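The structure appears right after this line, and notes come after that.
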Amino acid sequence: MPFLGQDWRSPGWRWIKTEDGWKRCESFDPALEDEKAQLSDISHTVILTVDDEDIYTTEDCEFAAKKRKKDHFRNNANSQCFYREKWIYVHKESTRERHGYCTLGEAFNRLDFSSAVQDIRRFNYVVKLLQLIAKSQLTSLSGAAQKNYFNILDKIVRKVLEDQYNPRLIKDLLQDLSSALCILIRGVGKSVLVGNINIWICRLETILTWQQQLQNLQMNKQVNNGLTLSDLPLHMLNNILYRFSDGWDIITLGQVTPTLYMLSEDRQLWKKLCQYHFAEKQFCRHLIPSEKGHVDWKLMYFALQKCYPIKEQYGDTLHFCRHCSILFWKDTGHPCTANDPETCFMPVSPQHFIDLFKF
């Protein structure tokens, strides 16, 4: 007998956020209804004949129609669109309400990363998450989640090629992914990949094509007769550099003009960056003196970066509700049952996201 209690987590209930709060709604999607209507016509197909003899029996035709419906949803439908909610309940054991546990692939499908890559606040977060999955968790994804992974990756590459936004980040992701796939394809005899080996070889070729496209990417020259970055006072330019948390961004900006290059080589700037990312004990192990006898903080930053992880900054991240055990995007929210929901929310880093689904 199905569970029909008052708990909002009971199976079959869908919730939608309104101005008056969360309300339960019927599961109806016009787009899916249209798909069903189109697919219902498939069963009325013409049976092919050769020399007036039927190739398929009625049972074979019905079986083929069902298979075509299944293949249609598998190949043409985006798995993200099947979920109205943009959050997922993270459970690691069976309860009366839920059986089984939540997997990394299920969470990856449910949390609407396709839309997240179009938001500049979430772009770096999603790319970092995909990079971590490529390094160690790609084989943990289900077949549907792996397909969704490459669909999202395709959207990211298209966005970078169109907007020229942060190509260095996606280049690192593709490099890690291609290296991981080369290793996994060699071990295909051990069934480490879901799907036919030819599919993965084709995906690897697509990654190599993307890498070549990014390598040939030319930045569009901005034509602007108004105020430019170079027209700002020195103290404002210096302020901008001090707000960067990535050393490569500072070096890239320093290549724009001689003035910015001079500011980007400031020892105090690199010292502050080292102090932000690393502990003082780590400095003593990697002291790099310059020719004048001072500490070369710029070289020291990159030396420390190879040995220790740096702090990560993101415009927006996934959040986890400790009261409801739900993972969600903060601006989307979820039907929280706590008296003071804000006190239960905690930001989730990309690594923490993966750790939530390790058992």
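The values are calculated or read from the model by the stated rules, or taken from the named source; none is laboratory data. Computed from a predicted model, the values in this text were never measured in an experiment. Counting neighbours? That spans all protein chains shown, and the Cβs are built from the backbone with ideal geometry, glycine included.
Here is how the numbers come out for the structure above:
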| read-out | value |
| --- | --- |
| Per-region count, segment 200-229, residues among the hydroxyl-bearing types (S, T, Y), at pLDDT 80 or above and surrounded by fewer than 12 Cβ atoms within 10 Å (Cβ to Cβ) | 1 |
| Candidates L169, L181 - the one that is under 17 Å from G315 (Cα atoms) and either in a helix (DSSP H, G or I) or touching a strand residue (DSSP E or B) at 6+ places or on another chain (Cβ under 9 Å) (or both) | L169 |
| Helices (runs of 4 or more DSSP H) contained in segment 256-352 and holding at least 2 residues at pLDDT 85 or above | 258-264, 267-277, 297-307 |
| Test result for L304, under 30 Å from I250 (Cα atoms), over 17 Å from the mean Cα position of the chain (by Cα) and either buried (at least 19 other Cβ atoms within 10 Å of the Cβ) or in the same structural domain as L132 (by the TED database) (or both) | yes |
| Qualifying residue in segment 345-358 (condition: in contact (Cβ under 8 Å) with a residue 12 or more places away in the chain and basic (K, R)) | no |
| Residue among K128, K69, K135 that alone is modelled with pLDDT of 85 or more, more than 13 Å from the chain's Cα centre (by Cα) and either not polar (S, T, N, Q) or not in a helix (DSSP H, G or I) (or both) | K135 |
